[in-house]
Amino acid sequence: MTAALPRQAASPEEPQRPPETPGHKARRRALTLLIIVLLIGVPAGYLVISAAQSRNSGKDKESKYSATGLSEGWPSKVQRRLYQVPVPHPADRIAYYETNNWKTSRLYVQFRTNSAGLDSFLAGMGVDRDALKKDDISISARDQKISGWKFTGPGTWSGLTHKQKNPAPTQDVVVNTADPDYPMIYVVSRTVP
């Protein structure tokens, strides 16, 4: 058996604590419970919210990348920069679609702009209106099928192919100037990764 250690006597100058009352004991326990809830509940709540946001983000990306045709809206700035498609301001009727595989990545973009916007777009690619050839449908039948574009209706069609050295993209452009004030522009920009 081990001997019990003697207890140190309280200092004579230190005041004696009164015995704990039931109300004080309840407050102390409530405070302890609150601290435990905050230490466990706040991080757990954060994890639940974070997991829900992550799952929703994955669903958004899944729907974006499972698209099988043009989607309304602007391509991202990264896409426009990577594929060198300078969509001008003002522009409307904007839609895009991106495909990627191990051989070639393509960005399909369509938009309507004004006459100055067409000049700005062509200048951003490094060409001018003189490069457009009348009745030249430069977008291939394969790309027309993927994008759903048909260049057979009424309109004054012009096109060009802007070839660049890899890794810079090559752009095929078709312009419908049936309304010369508001031309409709179709672009397929492809790059080899």
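The values are calculated or read from the model by the stated rules, or taken from the named source; none is laboratory data. None of the values given here were measured: they were computed from a predicted structure. Using ideal geometry, Cβ is built from the backbone for each residue, glycine included, and neighbour counts are taken over all protein chains shown. Heads up: the accessible areas ignore ligands, DNA and RNA and are worked out on the full protein's heavy atoms, side chains in. Shrake-Rupley method; radii C 1.70, N 1.55, O 1.52, S 1.80 Å.
Here are some notes:
- Note on the range 84-103: residues that are surrounded by 13 or more Cβ atoms within 10 Å (Cβ to Cβ) and touching a residue at least 40 places away in the same chain (Cβ under 8 Å) amount to 4.
- Test: residue in the range 112-129 that is touching a residue at least 40 places away in the same chain (Cβ under 8 Å) and touching a Lys or Arg at 6+ places or on another chain (Cβ under 6 Å): yes
- Checked against (1) over 16 Å from the mean Cα position of the chain (by Cα); (2) open to solvent by less than 50 Å² (accessible area, probe 1.4 Å), ARG112 meets all criteria but (2).
- Residue ID - farthest from ARG93 (Cα to Cα), chosen from residues in the range 152-193 that are part of a loop (DSSP other than H, G, I, E, B) and open to solvent by less than 20 Å² (accessible area, probe 1.4 Å): PRO169
- Selection status of THR68, at pLDDT below 80, within 30 Å of TYR108 (Cα to Cα), assigned to a loop (DSSP other than H, G, I, E, B) and open to solvent by 80 Å² or more (accessible area, probe 1.4 Å): yes
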